[in-house]
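Chemist: Below you'll find the structure I mean.
The values are calculated or read from the model by the stated rules, or taken from the named source; none is laboratory data. Predicted model only: the values in this text are computed from it and were never measured. Cβ sites come from the backbone with ideal geometry, for glycine too, and all protein chains shown count toward neighbours.
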Amino acid sequence: MKRMLFNATHPEELRVAIVDGQKLVDLDIESASTALKKGNIYKGKITRIEPSLEAAFVEYGGNRQGFLPMKEVSRTYFQNYNSDTPISQVKIADALKTGQELLVQVEKDERGNKGAALTTFISLAGRYLVFMPNNPKGGGISRRIEGQERQELRDAMSELEIPKEHALIARTAGIGKSSEELQWDLDYLQRLSDAIQGAADSQPAPFLVYQETNLVVRSIRDYFRSDIAEIIIDDQEVFDRATRFMKQVMPQNVIKLKLYEDTVPLFSRYQVEHQIESAYAREVRLQAGGALVIDPTEALTSIDVNSARATKGGDIEETALQTNMEAAEEIARQLRIRDLGGLVVIDFIDMLANKNQRAVEQCLQKALKADRARVQVGRISRFGLLEMSRQRLRSSISDSNYQVCPRCEGNGHIRSVGSSALSVLRIIEEEALKENTEAINAHLPIKTATYLLNEKRHEVSLLENRLGTNITIVPTIELETPHFRIQRLRSEDLDEMPNLPSYKTEIQEPKEDPRKAKYQKKNQASNVVIAPNTAPAVGIESVQMGDIPTPKPAPVVPEPIKPGLFVRLWRALFATGDEEQPKKPKKDHKKSHSRDGNKNQRHGGGNRGGKKGGNPRNAQGRGGKQKKQTSPANAEGKPQQGKQGNTATNRGNDTTNSGGNSNSNNRNRNRNRNRNRNRSRGNNNNPGNVNNSDANGSGSNNSSSNNSGANNAKPNNPAPREAQSNKGATSANKPNANKPEKVNTSES
């Protein structure tokens, strides 16, 4: 005999169990902390339209935004819709708009990171009918109803007054009901639909319009069948609520309601409690000795069938067949009790005969007929796997009553002590390598800390000596493997921390930068949205650099005004060494290697001739003081045949010197040529000029004689870079040159 048991002794949880004798057939649990939203009707607002998904995201009042696909949008919400256009050709970006308000119903509750699935096709479930006010293409008869009963129910529904643009679905509870009873249920649903529409128009979105009935009414409406002999309830309030509902909907069945007042718990009286506890277990034992291992995952639910201690069969094939047959019936029962939905993969024991595989498939399909959810079953593959899918009616027991393990974080496994200790040691080394790290505080579980302080003591010591960082390992009772906390301390952090023993140290929370807090306060006052701060790694502060002051630019030195072309020509022809020449910027001969002189500088630069061994340090610079003469040729200042002398430039003080002895014939010839040229120039152009042609030497200040000597003698070797970088054609134009002295012409 079947019974429906209601356990409501604890207000935090209401449990409904359907038992056949003492065997649990179905189970439904509703917790006050996890209220279901499936079936609720909300007025929502479209926040985003995603054309790539052909869907819209709706803000309806849940924890996450709901997902509304295009196929679940009624045509009544389309913008500028042409009835001649097929629905398949309508794009969601053209049909809907952001900010549009619509009435939605939750099809699937939120699960994990997934939001609720929504639809605009509202459906209101009654006792015998399901009313759909805006889905004219829907409607029909439940697929569970077959044969003559299906035809009789269709005839009764044809007599109903169904409004236009509305549809009906006949439920299994409507079997054998007259058209008057069905019409009564339809009128009730119509009034409910009108009330929902009126409430939706009363205020803007988002808000809850209609809430699905509680578990008591929903269970009686959905689970109660004619084969259920008793409905036993152990709470007076729940009993009164069920009585009122049954008097309105099914008054002939009120006599089946009974109030349980015994001191023994209701579920313990009918031996249901231990069966409910088996629904929370990972492994389920079979009577023949086999076992089921059920593992829900993110993608699917895997069920493994093990023979375990099952040995009743005559051979391996028969043992596998009997175990699989028993497992198929238990799998169908566990799917209902646990309410496992989605994709389910079953790994049966391998069987060689195809007929045995077909027998197991038929046994599973027969056991699933009692399930209210829609089920699709495949066939056993050559790998012994059977794939099936089950409609998710509500949240499973694991989703409603389980929480993620805080230690393994849902993985089911944790790292060993040795592996966790090595991982911590690597992280400590990585933190110690960072700049300005003075100390590392590692708060570890007791076992992990013990491993490092004993088995890895030498490695920790080597790490401290190599990196110069103080490493403190603090065993912490509050932490368990694999959790740990590592804090990196800088020098300024050590100054601020109190001097405490290591066992009293605690993880210091990173302090907020006052400049950052001031900036956030300023922006909040200006209604500026600030992105939330990302928490740094444990014990690591994010230090922001201050503004770097911009250095003042160096004062600009004005360039000297360069003389014009006429002035340069006049100075080149008639200037004397006594004139004060404009100073030019200093150049370092060690750094300046650029060849930026004019044409005369590149081909001139000084007297030619002299031996290669001339010492530029002892040479007399043009326009400078006269140095010690090394040869008569230098004293006479005659241009010599031979290699060009070395030229040195040192801030305009020392210039060039052409040294070395030459042939007497060449010396006499050059002396006469220079003397005649200087006489002619002095007499014709500048009669007042002192004639120093006879005493013109390598250190003479007469620029005209130097230039003439430079032009008459062709160089045998190119001038050095130091000499070619000078920009003055004459010795008087050398930068920073001292005022030239009168040349001693006594020798000439």
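Chemist: Given the conditions (1) closer than 27 Å to TYR210 by Cα; (2) in a strand (DSSP E or B), which single one is not true for GLN79?
Modeler: (2)
Chemist: Given the criteria in contact with a strand residue (DSSP E or B) (Cβ under 7 Å, 6 or more places away or on another chain), outside any loop (DSSP other than H, G, I, E, B), aliphatic (A, V, I, L, M) and crowded, with 19+ Cβ neighbours inside 10 Å, does LEU386 qualify? Give the steps one after another, and end with the answer.
Modeler: Details: in contact with a strand residue (DSSP E or B) (Cβ under 7 Å, 6 or more places away or on another chain): yes; outside any loop (DSSP other than H, G, I, E, B): yes; aliphatic (A, V, I, L, M): yes; crowded, with 19+ Cβ neighbours inside 10 Å: yes.
It is true that LEU386 is in contact with a strand residue (DSSP E or B) (Cβ under 7 Å, 6 or more places away or on another chain), outside any loop (DSSP other than H, G, I, E, B), aliphatic (A, V, I, L, M) and crowded, with 19+ Cβ neighbours inside 10 Å.
Chemist: Does the range 488-511 contain at least one residue that is touching a Ser or Thr at 6+ places or on another chain (Cβ under 7 Å), modelled with pLDDT of 75 or more and under 29 Å from GLU409 (Cβ atoms)?
Modeler: Looking for residues that are touching a Ser or Thr at 6+ places or on another chain (Cβ under 7 Å), modelled with pLDDT of 75 or more and under 29 Å from GLU409 (Cβ atoms), one finds at least one in the range 488-511, hence yes.
Chemist: Now a separate question. Restricting to the range 286-303, count the residues that are part of a loop (DSSP other than H, G, I, E, B), out of contact with any Lys or Arg (no Cβ under 8 Å at 6 or more places or on another chain) and among the hydrophobic types (A, V, I, L, M, F, W, C).
Modeler: 3
Chemist: Taking ILE428, is it modelled with pLDDT of 90 or more and among the aliphatic types (A, V, I, L, M)?
Modeler: Values: modelled with pLDDT of 90 or more: yes; among the aliphatic types (A, V, I, L, M): yes.
Considered against the rule, which asks whether it is modelled with pLDDT of 90 or more and among the aliphatic types (A, V, I, L, M), ILE428 comes out as yes.
Chemist: Within 24 Å of GLY341 (Cβ to Cβ) and at pLDDT 90 or above: does that describe LEU386? Spell out the reasoning first.
Modeler: Working: within 24 Å of GLY341 (Cβ to Cβ): yes; at pLDDT 90 or above: yes.
Yes, satisfied.
Chemist: Okay, moving on. Six or more apart or on different chains, Cβ atoms under 8 Å: show the pairs whose first residue is in the range 224-246 and part of a loop (DSSP other than H, G, I, E, B) and whose second is of a type in the set (Phe, Trp, Tyr).
Modeler: ASP234/PHE6; ASP234/TYR260; ASP235/PHE6
Chemist: Let me confirm something: among ASP315, ASP240, which residue is out of contact with any strand residue (DSSP E or B) (no Cβ under 6 Å at 6 or more places or on another chain), farther than 17 Å from ILE331 by Cβ and not assigned by TED's automatic domain parsing to the domain that holds GLY341? If you could, list the steps in order and put the result at the bottom.
Modeler: Details: ASP315 fails: not assigned by TED's automatic domain parsing to the domain that holds GLY341.
The match here is ASP240.
Chemist: Keeping to the range 111-125, report how many residues are at pLDDT below 85 and either surrounded by 17 or more Cβ atoms within 10 Å (Cβ to Cβ) or in a strand (DSSP E or B) (or both). Walk me through how you get there before you give the answer.
Modeler: Looking only at the range 111-125, we keep the residues that are at pLDDT below 85, and these are 111-114.
Right, trim to either surrounded by 17 or more Cβ atoms within 10 Å (Cβ to Cβ) or in a strand (DSSP E or B) (or both) and you get 111, 114.
Of the residues in the range 111-125, 2 are at pLDDT below 85 and either surrounded by 17 or more Cβ atoms within 10 Å (Cβ to Cβ) or in a strand (DSSP E or B) (or both).
Chemist: Which one is nearest to GLN211 (Cα to Cα) among residues in the range 127-144 that are part of a loop (DSSP other than H, G, I, E, B) and at pLDDT 85 or above?
Modeler: First, pick out the residues of the range 127-144 that are part of a loop (DSSP other than H, G, I, E, B): 127-128, 133-139, 142-144.
Filter once more, so that each one left must be at pLDDT 85 or above: 128, 133.
Values: TYR128: 20, PRO133: 17 Å.
So, considering only residues that are part of a loop (DSSP other than H, G, I, E, B) and at pLDDT 85 or above, the one nearest to GLN211 (Cα to Cα) is PRO133.
Chemist: Identify all residues within the range 267-316 that are among the β-branched types (Val, Ile, Thr) and touching a residue at least 40 places away in the same chain (Cβ under 8 Å); write none if there are none. Walk me through it before giving the result.
Modeler: Taking the range 267-316 as the starting set, the residues that turn out to be among the β-branched types (Val, Ile, Thr) are 272, 276, 284, 293-294, 297, 301, 303, 305, 311, 316.
Residues satisfying the conditions are VAL272, ILE276, VAL284, ILE294, THR301, ILE303, VAL305.
Chemist: Consider SER193 carefully, then state whether it is farther than 23 Å from ASP371 by Cα and not in a helix (DSSP H, G or I).
Modeler: no
Chemist: When both residues are 6+ apart or on different chains and their Cβ atoms are under 6 Å apart, which pairs have a first residue that lies in the range 48-62 and is under 20 Å from PRO204 (Cβ atoms), and a second that is of a type in the set (Lys, Arg) and assigned to a strand (DSSP E or B)?
Modeler: That search, which allows pairs on different chains as well, returns PHE57/ARG48; GLU59/LYS45.
Chemist: Scan ASP84, ASP94 and give me the residue that is over 28 Å from GLN248 (Cα atoms) and part of a loop (DSSP other than H, G, I, E, B).
Modeler: Working: ASP94 fails: part of a loop (DSSP other than H, G, I, E, B).
None of the other options fit; the residue is ASP84.
Chemist: Next question, about the same structure. Going by what's in this entry, would SER395 be described as in a helix (DSSP H, G or I), within 20 Å of VAL25 (Cα to Cα) and hydroxyl-bearing (Ser, Thr, Tyr)?
Modeler: On the way: in a helix (DSSP H, G or I): no; within 20 Å of VAL25 (Cα to Cα): yes; hydroxyl-bearing (Ser, Thr, Tyr): yes.
For SER395, the condition - in a helix (DSSP H, G or I), within 20 Å of VAL25 (Cα to Cα) and hydroxyl-bearing (Ser, Thr, Tyr) - is not met.
Chemist: Would you pick out the residues in the range 145-173 that are over 21 Å from THR120 (Cα atoms), among the charged types (D, E, K, R) and in a loop (DSSP other than H, G, I, E, B)? Steps first, please.
Modeler: Applying the first criterion (over 21 Å from THR120 (Cα atoms)) to the range 145-173 yields 145-161, 171-173.
Checking which are among the charged types (D, E, K, R) leaves us with 146, 149-150, 152, 154-155, 159, 161, 171.
Result: GLU146, GLU159, GLU161, ARG171.
Chemist: Still on this model: If I ask for residues that are farther than 30 Å from SER398 by Cβ and outside any loop (DSSP other than H, G, I, E, B), which ones from the range 34-70 would you list?
Modeler: Filtering the range 34-70 for residues farther than 30 Å from SER398 by Cβ gives 43, 45-52, 54, 56, 70.
Within the range 34-70, LYS43, LYS45, ILE46, THR47, ARG48, ILE49, GLU50, ALA56, MET70 qualify.
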